Amino acid sequence: MKKIRPLDFVFAFISIGFGIFFTIKNISQKGSSVLINADGKRYEYSAKKNGIYKVGGAIGITTFEIKNGRVRIIDSPCPNKTCVNQGWHSPLVCLPNNVIITLEKEGEFDAVSE
């Protein structure tokens, strides 16, 4: 059995610190638009307009909420509801229903622009 050295503790605390930092940063992430890819169709909503919206996927309707520049899935027809349990997060993915929801900040691009 190997001995635990002081540097092992330092490395562990730094790793835990980074994990906590990025988790908090992701939870507090706010954007200006919500992009939805649902069963081959693309939709866009303003992240500044609070509301509950529905979009059709491969096996039914996915309901999501936009509030204060954040987004979460609140209901889905998938059997395991993993997407509902993701909370306020981006991207949100419901694989059985083929729905992907992404929060975009103003000025972000997904392609090279001139």
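The values are calculated or read from the model by the stated rules, or taken from the named source; none is laboratory data. Treat the numbers as computed from the prediction; the structure is a model and nothing was measured. Virtual Cβ from ideal backbone geometry, glycine too; neighbours counted across all protein chains shown. Accessible surface is based on the protein model in full, side chains and every heavy atom, while ligands, DNA and RNA are left aside. Shrake-Rupley method; radii C 1.70, N 1.55, O 1.52, S 1.80 Å.
Ranking request for peptides 55-62, 40-47, 1-8: highest mean number of other beta-carbon atoms within 10 Å first, then the rest in descending order.
Numbers: 55-62: 17.8, 40-47: 13.1, 1-8: 7.1.
Highest mean packing first, the order is 55-62, 40-47, 1-8.
Any idea how far apart residue 13 and residue 82 come out in nm if each label point goes 7 Å out from Cα toward Cβ?
With each label placed 7 Å out from Cα toward Cβ, I get 3.6 nm.
Run the 1.4 Å probe and let me know the accessible area of residue 54, rounded to the nearest 10 Å².
140 Å²
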